Amino acid sequence: MAEKDDYLIDLLVDLGFVDEDQVEQSRQEAEAAGVGVVDLMLANKLIRPADVTQAKAAHFGAEVVALGGMQIEDDVIAAIPRHIAKKYRVIPVYLHDTTLTVAIADPSDLATIDSLTHLLNKEIVLQVASEPEIESALNRYYGGQRSAADDERFKGVIEELTREHVEVATTLTDDGSAVEADAPLIKLVNSLISDAFKLRASDIHLEPLAKRFRVRYRIDGLLHEMKGPPKRLQAAIISRLKIQSNMSISEHRIPQDGRIQTQVGSKVIDLRVSCLPTTHGESIVMRILDKEGLRLGLPELGFFTDDQQTFERLIGLPDGILLVTGPTGSGKTTTLYAVLHFINRPDRKIITVEDPVEYILAGINQVQVSETVGLTFAAALRSMLRQAPNVIMVGEIRDLETATIAVNASLTGHLVFSTLHTNDAPSAVTRLIDIGVKPFLVASSTRGIMAQRLVRKVCKRCGEPTTPTEQELRALNIDASQVAEAKFMAGRGCPDCAGTGCRGRMGIFEMFIVDDEARKLIYEKVPASVLRNRAREMGMRTLREDGVRKVLAGLTTPEEVIRATVGDVD
């Protein structure tokens, strides 16, 4: 260990990460404590794990690779079997003919490199990554924190199913009689759903590939690959899910949609199921609809007190339009449901039109769009106005007809909530005008627009103080005065967060309040950039600025905010 420390210390000094005086003082303290000099400097935060990684790479002439910022292809991951990757703690990065590039935390471990060359029969090219990145990548690409007992149970079900019930895929009928008798298959499918629910997944992806049947769970917005069943069970599993979802199992050429209601422990959960024909079979995606997730109050969405007060004032207005914008998966629907829950009172009639109605809300009239019978957003909205509602929620404004009816409803005394797919709040105005709404109608009806994104929260169990990099501080425009009072946090990784360091998500928001001067600009059809500048002058915080506030408070990490606001140029 002493020799290893010596070469690392020399490199750390040469690279400017630490000076000779700090090394000498650390050496004395390390000798007294009986620990390594590098370990002590890490503990005292004189250096960072990233500095050590860079020094190791420089010594061996290897590149440093950022595993968290890349998506490794499936065929590359398949180049190293799970048990070898876990044992030697390596991640395959690139595959080219007989050469395999791998990421490793310690490039001086010659025994591991020799073993990999022998086991894989390939020429090994080294890249260096930090130990936390290796751990996170192992969980991401080779499966999460599934216990040994779970593995044995899963394996047992597969073995029993393989021995006795492979034929079920060719004998199923639409009434499900054959598969209902197939207990191992039922156990296997139920275990896929229950495992996903216990890991807090929002989606389950079952994807047929050329040589395997891939299972991935989306947890806190990121996909994690899990241990999947053998390829030969693909047809049986898909048929079982199609029967549960009331789809036709004899139809394999067109997409189908359905729903499943099942029980996990003492909880009943709904799943929205989508089946899509692909090259290697039918791909199934199941969205887990947890009704308890809808009981969020506004603080749980991620609002700070000042933003929450502004938002409550907006949703408390008697009329007008309030728009929530953002890309798919940014939490717009969850925000609108939280709003409806907040304003739902016996003296208010609330009607929603959605496609589809995912959650049933008590005390609210919900209308399901059905294009096949002509019940479009516009047709439903037109009929809803005859029901004399106080509040209307339109799932999404997609066309001129829907937008015009929504605007007219807001001008005749209704409070209208809806969503738009735009990148920031001021751009929603331009979007409405582009689809044909008259500028004076947009100016008169719009009360406020809120853009949002989702970022992962630091795990409360393993979160610890950390120091951001200079690059992160520059990207987020954080100055020295803010750093002095900040509470930067990052998760170390624990079983509670499956080694990711993050657990749960929260919103970052950009709120544009439409005042008289903004209405004048909208009426004049000024570009979105001019409107955005005016909003900034009024005090609007951008998505990135709101994210920075949450980074400084230790709620999320700089990396998360940078990723979520990469298009925010302000």
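The values are calculated or read from the model by the stated rules, or taken from the named source; none is laboratory data. Computed from a prediction, not measured in an experiment: that's the story for all the values here. Every residue, glycine as well, gets a Cβ built from its backbone with ideal geometry; the counts of neighbours run over all protein chains shown. Heads up: the accessible areas ignore ligands, DNA and RNA and are worked out on the full protein's heavy atoms, side chains in. Shrake-Rupley method; radii C 1.70, N 1.55, O 1.52, S 1.80 Å.
Computed quantities for the displayed model
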{"item": "All positions within region 239-260 that are over 30 Å from Gly499 (Cβ atoms) and of a type in the set (Val, Ile, Thr)", "result": "Ile243, Ile249, Ile254"}
{"item": "Residues of region 526-556 that turn out to be under 22 Å from Ile433 (Cα atoms), without any contact (Cβ under 8 Å) to a residue 12 or more places away in the chain and not in a helix (DSSP H, G or I), as a count", "result": "1"}
{"item": "Single match in Val367, Val391 (criterion: open to solvent by less than 70 Å² (accessible area, probe 1.4 Å), within 29 Å of the chain's Cα centre (by Cα), farther than 22 Å from Lys438 by Cβ and at pLDDT 85 or above)", "result": "Val367"}
{"item": "Residue match in region 428-444 (condition: open to solvent by 40 Å² or more (accessible area, probe 1.4 Å), modelled with pLDDT under 90, part of a loop (DSSP other than H, G, I, E, B) and at negative phi)", "result": "no"}
{"item": "Residue identified as over 25 Å from Pro81 (Cα atoms), in contact with an Asp or Glu (Cβ under 9 Å, 6 or more places away or on another chain), part of a strand (DSSP E or B) and among the hydroxyl-bearing types (Ser, Thr, Tyr) among Ser250, Ser283, Ser202", "result": "Ser202"}
{"item": "Residue count for region 76-131, restricted to those that are among the aliphatic types (A, V, I, L, M), under 17 Å from Val65 (Cα atoms), surrounded by 16 or more Cβ atoms within 10 Å (Cβ to Cβ) and more than 29 Å from the chain's Cα centre (by Cα)", "result": "3"}
{"item": "From the options Arg519, Arg474, residue that is basic (Lys, Arg), modelled with pLDDT of 90 or more, more than 23 Å from the chain's Cα centre (by Cα) and in a helix (DSSP H, G or I)", "result": "Arg519"}
{"item": "Residues located in region 40-75, provided they are more than 33 Å from the chain's Cα centre (by Cα), under 25 Å from Val102 (Cα atoms) and in a helix (DSSP H, G or I)", "result": "Ala58, His59"}
{"item": "Tally of residues being part of a strand (DSSP E or B), in contact with a Lys or Arg (Cβ under 7 Å, 6 or more places away or on another chain) and not aliphatic (A, V, I, L, M) across region 453-464", "result": "3"}
{"item": "Residue ID - most open to solvent (accessible area, probe 1.4 Å), chosen from residues in region 231-264 that are over 16 Å from His205 (Cα atoms) and either without any contact (Cβ under 8 Å) to a residue 12 or more places away in the chain or among the charged types (D, E, K, R) (or both)", "result": "Arg253"}
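Yes/no per residue for (1) over 21 Å from Ile134 (Cβ atoms); (2) open to solvent by less than 30 Å² (accessible area, probe 1.4 Å):
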residue	(1), (2)
Asp10	yes, no
Val13	yes, no
Ser26	yes, yes
Val37	yes, yes
Leu42	no, no
Lys45	yes, no
Ile72	no, yes
